[in-house]
DNA sequence: CGCTATGGCGAAATCGTCTGATCAATCAAG
DNA sequence: CTTGATTGATCAGACGATTTCGCCATAGCG
């Protein structure tokens with residue numbers, strides 16, 4: 001049925017252990033024998049059984065991926081395919097494969113992770129989000145299993161290896177950018193408050209306002225789901241304000257799409273009536289109507305670096321916990337935020 | 001170090017075999033013993049080692065995913081995350097996990113697949129594309145390993161289980177739609193000619209033209225990569241024609257994005273100067289400028305159904321090879337193709 | 001009372017690979 | 001010719017589960 005190491009051994013007239021050493025390219029085997037065994041393997045079409053190997057070896061060559069609970073929803077946001085690209089590129093370069101479990105609830109995700117870890121199905125884990133009070137991270141930390149977080153972890157971040165954008169800085173920069181364009185009534189739409197991204201970007205936003213001497217007003221801060229629908233709902237709320245904002249910082253491109261289409265539906269012009277900037281600079285940002293000004297955060301790089309760190313941890317099995325990689329970002333200015341010359345200037349004048 | 005079945009056995013005062021039977025919920029074990037063993041497992045935090053289990057069992061609970069060679073490029077097209085969503089949903093429902101290898105060249109992909117299969121790493125495989133002369137499908141067929149193709153396979157399709165859209169019909173329908181809007185000079189932009197999708201959609205297009213008594217002109221048919229850049233290049237070519245087309249059928253939304261932004265850059269209005277329709281109806285289609293008329297093909301459903309078929313094949317290990325599932329599609333009309341009342345009518349008049 | 005079902009469980013043989021200990025052979029040195 | 005090192009290959013367990021037998025009570029039956 002299956003061709004095993006014994007078949008190869010028999011065919012090459014050696015012991016199974018010899019074949020095994022040939023596979024591992026052990027120096028204790030003579031060149032001649034190696035060649036003989038190799039050609040036997042070739043001839044029989046032999047491929048080692050991965051489970052037997054992992055069992056003996058205590059190493060699978062694969063990496064576990066943990067998505068947020070509703071992985072199936074999550075995949076709708078281009079962030080994930082893109083980070084996956086980065087991960088898969090690096091993983092492939094080093095001969096690792098990827099292993100995904102998905103779960104609908106947090107408990108399901110957790111039990112999926114436990115299975116991966118305790119079941120020794122993977123050598124390490126990448127957590128693709130960072131949420132407050134997250135059980136998965138807590139668990140991984142306890143078990144001292146190699147893992148890396150994409151995003152800034154909560155709690156004792158210094159002991160966890162993670163890869164992140166400087167979201168705080170980015171939030172500050174985009175807000176300042178809007179300020180420089182003349183905006184004074186700047187709102188913020190974020191995703192779930194439990195997510196580190198949301199918090200960091202919002203804090204950056206608030207800091208920028210304070211630096212500009214503008215009070216941070218709760219009515220100008222809305223939260224929503226990380227999808228277009230969320231964005232749509234949030235922007236409606238914001239426009240209920242007596243003095244509706246003239247600009248809005250949106251924490252995610254997909255939400256921003258919802259925001260701009262809602263604004264258009266309401267007959268508001270972008271950027272003339274409301275300027276919009278957002279984060280991630282996913283593919284669509286360039287092709288929306290109008291094209292989105294967005295922070296390029298190099299999602300691919302996040303995935304790539306995360307994988308890099310993980311593989312490091314796995315191989316030096318004296319894991320250098322607490323490594324931190326910050327991937328640089330920059331603002332890509334497109335039409336959705338307006339130019340200095342345009343309407344924004346007027347706003348500035350009328351405000352001063 | 002690791003908690004094994006023996007530890008549990010000792011703790012519960014039974015033999016390892018009993019523990020194993022409890023896990024499998026064998027009826028030959030008394031209720032009392034089951035409970036005792038279960039609480040021991042609980043207490044010790046036992047999780048079976050997956051490799052040991054697979055080794056003894058000859059079954060992993062996981063499904064292998066095969067992406068086109070440049071998986072890393074591929075992931076940029078929203079088609080894949082979406083089909084992944086469908087797959088992952090169904091897989092998760094049935095307790096399967098997903099396993100991905102990626103490769104840059106075709107050979108790498110093939111050897112990845114061989115490893116999965118011969119190494120018994122997965123119970124079955126889903127091939128996420130259908131290309132002419134594809135080695136992977138050929139290999140899988142030879143080895144009689146359970147697999148399913150998303151897309152219409154080449155060669156002896158009747159012996160392969162696959163899930164597909166009726167791309168031929170869809171191609172015909174959209175072309176006819178453009179015809180009915182009054183267009184007579186209709187072009188086609190497709191992806192790689194080796195792909196089944198491209199061929200089917202193009203054939204449908206050609207059929208519709210013939211049915212309408214319009215000769216199929218090679219100058220009106222362009223090919224490109226499945227990405228925006230490809231679309232951009234292709235449309236430039238088409239516009240070189242002496243009589244440039246007034247409408248174009250684009251085989252993929254992402255390409256269509258490239259097409260429309262190129263057209264805009266060239267100062268052409270959509271749909272007034274050139275109407276555009278495309279396929280897949282991915283998320284962005286709705287949010288582009290102008291929104292794309294596109295064929296909704298239920299990508300999620302493709303993934304879901306494919307997984308369904310595969311699991312069927314795996315469990316009834318008398319695999320009903322050659323099953324075929326066609327997922328229905330429908331046209332979603334948006335601005336990019338124009339309305340009957342508009343310019344299209346004029347074209348009709350001036351043409352007749 | 002003796003014999004056979006049967007329910008409940010254990011012993012031991014896989015599954016396919018790796019690896020530390022061991023052995024055989026070769027060769028140089030004494 | 002013996003000895004000791006060196007090299008090359010084998011042996012005999014692990015690794016952690018599953019599973020086929022088969023054993024031992026107990027119960028049922030005549």
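The values are calculated or read from the model by the stated rules, or taken from the named source; none is laboratory data. Keep in mind that this is a model prediction, so the values were computed, not measured. Quick reminder, even Gly has a Cβ in these numbers, built from the backbone with ideal geometry, and neighbours come from all protein chains shown.
When you scan the range A:310-322, do you find a residue that is crowded, with 18+ Cβ neighbours inside 10 Å, touching a strand residue (DSSP E or B) at 6+ places or on another chain (Cβ under 8 Å) and within 19 Å of residue B:76 (Cβ to Cβ), even just one? So far as the range A:310-322 goes, no, none of its residues is crowded, with 18+ Cβ neighbours inside 10 Å, touching a strand residue (DSSP E or B) at 6+ places or on another chain (Cβ under 8 Å) and within 19 Å of residue B:76 (Cβ to Cβ).
Looking at the range A:279-296, can you tell me whether even one residue there is at pLDDT 95 or above, under 25 Å from the mean Cα position of the chain (by Cα) and more than 22 Å from residue A:180 (Cα to Cα)? No, every residue in the range A:279-296 fails to be at pLDDT 95 or above, under 25 Å from the mean Cα position of the chain (by Cα) and more than 22 Å from residue A:180 (Cα to Cα). Would you confirm, using the coordinates I've provided, whether residue B:272 is in contact (Cβ under 8 Å) with a residue 60 or more places away in the chain, surrounded by fewer than 23 Cβ atoms within 10 Å (Cβ to Cβ) and away from every other protein chain (no Cβ under 14 Å)? Criteria met by residue B:272. When you look at residue B:137, is it out of contact with any helix residue (DSSP H, G or I) (no Cβ under 8 Å at 6 or more places or on another chain), under 21 Å from residue B:313 (Cβ atoms) and not in a strand (DSSP E or B), yes or no? When the stated conditions are applied, residue B:137 passes them.
Looking for whichever is under 29 Å from residue A:126 (Cα atoms) and assigned to a helix (DSSP H, G or I) here; the options are A:90, A:32. Which one fits? That would be A:90, the only listed residue that is under 29 Å from residue A:126 (Cα atoms) and assigned to a helix (DSSP H, G or I). Quick one: residue B:143 ticks every box in (1) within 16 Å of DNA strand C (Cβ to nearest atom); (2) in contact with a helix residue (DSSP H, G or I) (Cβ under 8 Å, 6 or more places away or on another chain); (3) not assigned by TED's automatic domain parsing to the domain that holds residue B:308 except a single one, so which number is it? Status for residue B:143: all satisfied but (3). Could you tell me whether the range A:163-170 includes any residue that is in a strand (DSSP E or B) and closer than 19 Å to residue A:255 by Cβ? Scanning the range A:163-170 turns up at least one residue that is in a strand (DSSP E or B) and closer than 19 Å to residue A:255 by Cβ.
Scanning the range B:42-58 for residues that are closer than 30 Å to residue B:119 by Cβ and more than 11 Å from DNA strand D (Cβ to nearest atom) turns up just one, B:45.
Please verify whether residue B:113 is buried (at least 21 other Cβ atoms within 10 Å of the Cβ) and near DNA strand C (Cβ under 10 Å from one of its atoms), treating the condition exactly as stated. When the stated conditions are applied, residue B:113 does not pass them. Taken together, B:17, B:39 contain a single residue that is away from every other protein chain (no Cβ under 11 Å), within 13 Å of DNA strand D (Cβ to nearest atom) and at pLDDT 90 or above, which is B:17.
I'd like the residue in the range A:1-14 that is more than 6 Å from DNA strand C (Cβ to nearest atom) and buried (at least 18 other Cβ atoms within 10 Å of the Cβ) and, out of all such residues, is farthest from the other protein chains (Cβ to nearest Cβ). Among those residues, the one meeting the criterion is A:14. For the range B:93-110, filtering for residues that are farther than 9 Å from residue B:307 by Cβ, touching a helix residue (DSSP H, G or I) at 6+ places or on another chain (Cβ under 9 Å) and in a loop (DSSP other than H, G, I, E, B) leaves 1. When B:58, B:121 are checked against the criterion of being at the interface with chain A (Cβ under 9 Å from one of its Cβ atoms), in contact with a helix residue (DSSP H, G or I) (Cβ under 6 Å, 6 or more places away or on another chain) and in contact (Cβ under 8 Å) with a residue 12 or more places away in the chain, B:121 stands alone in meeting it. Of all residues in the range A:140-155, those satisfying the criterion of being surrounded by fewer than 18 Cβ atoms within 10 Å (Cβ to Cβ) and within 14 Å of another protein chain (Cβ to nearest Cβ) are A:142, A:143, A:144. Screening A:75, A:128, A:84, A:98 for residues that are within 8 Å of chain B (Cβ to nearest Cβ) and in contact (Cβ under 8 Å) with a residue 40 or more places away in the chain leaves exactly one candidate, A:84.
Of all residues in the range A:318-346, those that are at pLDDT below 75 have Cβ atoms under 7 Å from Cβ atoms of residues that are loosely packed, with under 14 Cβ neighbours inside 10 Å, 6 or more apart or on another chain, in A:321/A:159. Just one of the listed residues (B:69, B:62) is within 16 Å of DNA strand D (Cβ to nearest atom), closer than 30 Å to residue A:79 by Cα and touching a strand residue (DSSP E or B) at 6+ places or on another chain (Cβ under 7 Å), and it is B:62.
Condition (residue is away from DNA strand C (no atom under 16 Å from the Cβ) and at negative phi) applied to the range B:33-42: is it met by at least one residue? Yes - at least one qualifying residue is present in the range B:33-42.
It is to be established whether one or more residues within the range B:45-61 are more than 16 Å from DNA strand C (Cβ to nearest atom), surrounded by fewer than 16 Cβ atoms within 10 Å (Cβ to Cβ) and either under 44 Å from the mean Cα position of the chain (by Cα) or in the same structural domain as residue B:117 (by TED's automatic domain parsing) (or both). Yes, the range B:45-61 contains at least one residue that is more than 16 Å from DNA strand C (Cβ to nearest atom), surrounded by fewer than 16 Cβ atoms within 10 Å (Cβ to Cβ) and either under 44 Å from the mean Cα position of the chain (by Cα) or in the same structural domain as residue B:117 (by TED's automatic domain parsing) (or both).
If the condition is being within 14 Å of chain B (Cβ to nearest Cβ) and within 29 Å of the chain's Cα centre (by Cα), then the range A:251-269 contributes A:252, A:253, A:254, A:255, A:256, A:257, A:258, A:259, A:260, A:261, A:262, A:263. Residues in the range B:106-118 that are within 11 Å of another protein chain (Cβ to nearest Cβ) and out of contact with any strand residue (DSSP E or B) (no Cβ under 8 Å at 6 or more places or on another chain): B:114, B:118. Of all residues in the range B:241-288, those that are touching a strand residue (DSSP E or B) at 6+ places or on another chain (Cβ under 9 Å) and closer than 18 Å to residue B:217 by Cβ total 11. Please specify each residue of the range B:4-13 satisfying the condition of being part of a loop (DSSP other than H, G, I, E, B) and within 11 Å of DNA strand D (Cβ to nearest atom). Answer for the range B:4-13, where residues must be part of a loop (DSSP other than H, G, I, E, B) and within 11 Å of DNA strand D (Cβ to nearest atom): just B:4.
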